[in-house]
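J.: Dropping a structure here in structure tokens format, bear with me for questions.
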Amino acid sequence: MSYSLHQIRWVCSTLFYMCTSFAIITANKSVLTIYKFPSVQFVTLVQLIVTVIVLEVLKLLRIVTFPALSVSSIRDVMPLPLIHLVNLLVGLGSTQSLSIPMFQVLRRFTVLFVMIGEITILRKRFSKLTVVTVVAMLGGVIIAFIGDLAYDSYGYTLVLLNDLFTAAYSIYLKKINDKKLMGKLGLMYYNSIISLPLSLLAFIISGEFQTVKVYAGWSDSWFCAQFVLINVLGFVLMYSAILCTAVCGPLTYNVAGVLKSAAITYIGMLHWFGGDYIFSWLNFFGITVSALGGVVYSAVTFRSLEQSRADKNKKQEVYVA
């Protein structure tokens, strides 16, 4: 069986995003929960700084190109950078507050928010089978919530906001990519450079500078290595998300997240992986129902995309004939 260049790009960009997302969740959980790093704002700030510096250096070396900073370009990408910044903050905060299994299962509400957004903004329609699988997936989330022995209202609020802003980000990103205004790297640069002063302001207002300065973990080389890793991966994840959305669309981007989360959910139950998951049979059952629903939903979505592409090719063949 031969594969087209588009299919290869689709698979590679999806796997790239999934692997990067898996890695950064693991590293973030270790830094924020196991090592108890005290400032989500500082992690966000450093990730934005690293992204801006790397892109500026690559542009200076003429390895990449993107439009120079201008008022018109800022206007073109708004409100994407603001959504990106808030998403980073609530995402890291919810990772710190919740166990990995509950964080992952609650992240599945992103699919619902994306579907609502695509229906209202992109005027997209979904099959009844897709809707049924989403209902089953979210039904499992509700069961897991009822059986959650470590319920944290603050963490739940943050992760639901994370879902909402992730959905908004992927949909607006698709709209901007369709206009072909500045490319993937340009969007990365503008997201970071516009978010940077706002992130710095949030860090200053939080009053966490002194807490970060005296944090005992700076003398631990393994912690420092992981801290560097999450900031490098922050840049890589941003690029992989933009690439996956541009190549595959916002729904496939979220399908990839569903498949990745199904794997990491069960790994997160292990004691060495964060150590904050409290087992209950009802919670485990809900998580399993949601994970299975997510896998079926992903399969249905992939099949629908393939069928749509095949129908489009047939129409083009008929037109040529």
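J.: Would you mind finding the one in PHE66, PHE37 that is among the hydrophobic types (A, V, I, L, M, F, W, C), in contact (Cβ under 8 Å) with a residue 24 or more places away in the chain and under 23 Å from GLU208 (Cα atoms)?
T.: PHE37
J.: Would you confirm, using the coordinates I've provided, whether VAL159 is among the β-branched types (Val, Ile, Thr) and in contact (Cβ under 8 Å) with a residue 24 or more places away in the chain?
T.: Yes; evaluated as a whole, the condition is true for this residue.
J.: How many residues are of a type outside the set (Val, Ile, Thr) and buried (at least 20 other Cβ atoms within 10 Å of the Cβ) when one looks only at region 149-163?
T.: Number of matching residues: 4.
J.: Now, a different point. Name the residue that is modelled with the lowest pLDDT, counting only residues in region 171-218 that are outside any helix (DSSP H, G or I) and not hydrophobic (A, V, I, L, M, F, W, C).
T.: The selected residue is LYS180.
Here is a yes/no grid of residues against (1) modelled with pLDDT of 85 or more; (2) in a helix (DSSP H, G or I); (3) not charged (D, E, K, R):
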| position | (1), (2), (3) |
| --- | --- |
| ILE230 | yes, yes, yes |
| VAL236 | no, yes, yes |
| THR245 | no, yes, yes |
| LYS260 | no, yes, no |
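J.: Next question, about the same structure. Inside region 218-255, can you point out the residues that are surrounded by fewer than 18 Cβ atoms within 10 Å (Cβ to Cβ), farther than 26 Å from LEU187 by Cα and touching a residue at least 60 places away in the same chain (Cβ under 8 Å)?
T.: ASP220
J.: Ok, one more. Considering only region 1-97, give the helices (runs of 4 or more DSSP H) lying wholly within it that have at least 2 residues that are touching a helix residue (DSSP H, G or I) at 6+ places or on another chain (Cβ under 6 Å) and surrounded by 21 or more Cβ atoms within 10 Å (Cβ to Cβ).
T.: 5-29, 40-60, 80-97
J.: Out of PHE279, PHE285, PHE223, which single residue is outside any helix (DSSP H, G or I), aromatic (Phe, Trp, Tyr) and at pLDDT 80 or above?
T.: PHE279 is the lone residue from the list that is outside any helix (DSSP H, G or I), aromatic (Phe, Trp, Tyr) and at pLDDT 80 or above.
The values are calculated or read from the model by the stated rules, or taken from the named source; none is laboratory data. These numbers come from a predicted model, not from an experiment. Glycine also receives a Cβ, built like all others from the backbone with ideal geometry; neighbour counts cover every protein chain displayed.
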